[in-house]
Amino acid sequence: GAVVSQHPSWVICKSGTSVKIECRSLDFQATTMFWYRQFPKQSLMLMATSNEGSKATYEQGVEKDKFLINHASLTLSTLTVTSAHPEDSSFYICSARDNGDEQYFGPGTRLTVT
Amino acid sequence: DAKTTQPPSMDCAEGRAANLPCNHSTISGNEYVYWYRQIHSQGPQYIIHGLKNNETNEMASLIITEDRKSSTLILPHATLRDTAVYYCIVRVGGGNAGNMLTFGGGTRLMVKP
């Protein structure tokens, strides 16, 4: 079945530093990938939609200069949290859409900013 | 996409059927009903989806009312590993690349021994 991986699974960083999270589709090509954020005891909130080879589309209220998304290939999208602050601490989840209509989710990355 | 309403939490005894309801009274004719679940600290897992007919797979059954305004996800023999948050989502299907999934609050199912 379709598998999506994320790396790292968890990361702790200091305030002011940048963190890069990778999302890979392992056995299929994903022209579209989605990035979600989930705070404790809350639901997933879509941050942005990225299409291979083009700029990401960000949801309202998500700062595109803070959350840099690069979808350079059909199997890899990256999310970089720039100048991270404690309020950016969250569970970041990606999903990848195959050539059909289904989305497959990664296992998530837990970011803690100290 | 249409909005869905689910009870915030439910309990179920291990081995019994878990019936999770979802209301989607504003669903459009071209919107599918999708169910995902999220076990603690993991990414969401696809369970099942349907348009208007009842559907069954190895994980669950999906019962959609004739007017399509509500549906029920049935886990026939719940186990402790089925403890999770279950999300009911309606969205346009048919290969539209713009169709992101909009997650509501979901139902937190607790399966008890």
Complete set of residues in the range A:82-98 that are crowded, with 21+ Cβ neighbours inside 10 Å and not polar (S, T, N, Q): A:Ala84, A:Tyr92, A:Ile93, A:Cys94, A:Ala96, A:Arg97
Search result, residues across the range A:3-25 that are touching an Asp or Glu at 6+ places or on another chain (Cβ under 6 Å) and either in a strand (DSSP E or B) or within 10 Å of chain B (Cβ to nearest Cβ) (or both): A:His7
Residues located in the range A:26-44, provided they are in contact (Cβ under 8 Å) with a residue 12 or more places away in the chain, within 13 Å of chain B (Cβ to nearest Cβ) and either crowded, with 16+ Cβ neighbours inside 10 Å or among the hydroxyl-bearing types (Ser, Thr, Tyr) (or both): A:Ala30, A:Thr31, A:Thr32, A:Met33, A:Phe34, A:Trp35, A:Tyr36, A:Arg37, A:Gln38, A:Leu44
Test: residue in the range A:78-90 that is touching a Pro at 6+ places or on another chain (Cβ under 8 Å) and either more than 13 Å from every other protein chain (Cβ to nearest Cβ) or among the hydroxyl-bearing types (Ser, Thr, Tyr) (or both): no
Residue check, A:Ser50 in contact with a Cys (Cβ under 7 Å, 6 or more places away or on another chain), crowded, with 17+ Cβ neighbours inside 10 Å and without any contact (Cβ under 8 Å) to a residue 60 or more places away in the chain: no
Selected residue [surrounded by 16 or more Cβ atoms within 10 Å (Cβ to Cβ) and at pLDDT 95 or above] from B:Gly106, B:Gly50, B:Gly93: B:Gly106
Residue, surrounded by the fewest Cβ atoms within 10 Å (Cβ to Cβ), within the range A:6-20, restricted to residues that are touching a Lys or Arg at 6+ places or on another chain (Cβ under 9 Å) and among the polar types (S, T, N, Q): A:Ser9
Flag if A:Asp101 is free of Cβ contacts under 8 Å to residues at least 24 places away in the same chain, surrounded by fewer than 23 Cβ atoms within 10 Å (Cβ to Cβ) and facing another protein chain (nearest Cβ under 7 Å): yes
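Could you please give the count of residues in the range A:83-103 that are outside any strand (DSSP E or B) and hydrophobic (A, V, I, L, M, F, W, C)?
Within the range A:83-103, residues that are outside any strand (DSSP E or B) and hydrophobic (A, V, I, L, M, F, W, C) number 1.
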Members of the range B:26-53 that are hydroxyl-bearing (Ser, Thr, Tyr) and not in a strand (DSSP E or B): B:Thr26, B:Ser28, B:Ser41
Verdict on B:Arg91 being outside any loop (DSSP other than H, G, I, E, B), closer than 26 Å to A:Gln29 by Cβ and within 14 Å of chain A (Cβ to nearest Cβ): yes
Hits in the range B:1-25 (condition: in a strand (DSSP E or B) and of a type in the set (Val, Ile, Thr)): B:Thr5
Hits in the range A:70-97 - residues which are touching a residue at least 60 places away in the same chain (Cβ under 8 Å) and out of contact with any strand residue (DSSP E or B) (no Cβ under 7 Å at 6 or more places or on another chain): A:Ser83
Residues of the range B:54-84 satisfying the condition of being in a strand (DSSP E or B) and surrounded by fewer than 21 Cβ atoms within 10 Å (Cβ to Cβ): B:Glu55, B:Thr56, B:Ser61, B:Ile63, B:Ser70, B:Thr72, B:Ile74
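The values are calculated or read from the model by the stated rules, or taken from the named source; none is laboratory data. As the structure is a computational prediction, the values presented were derived from the model and not from experiment. All Cβ positions, glycine included, derive from the backbone under ideal geometry; neighbour counts span all protein chains shown.
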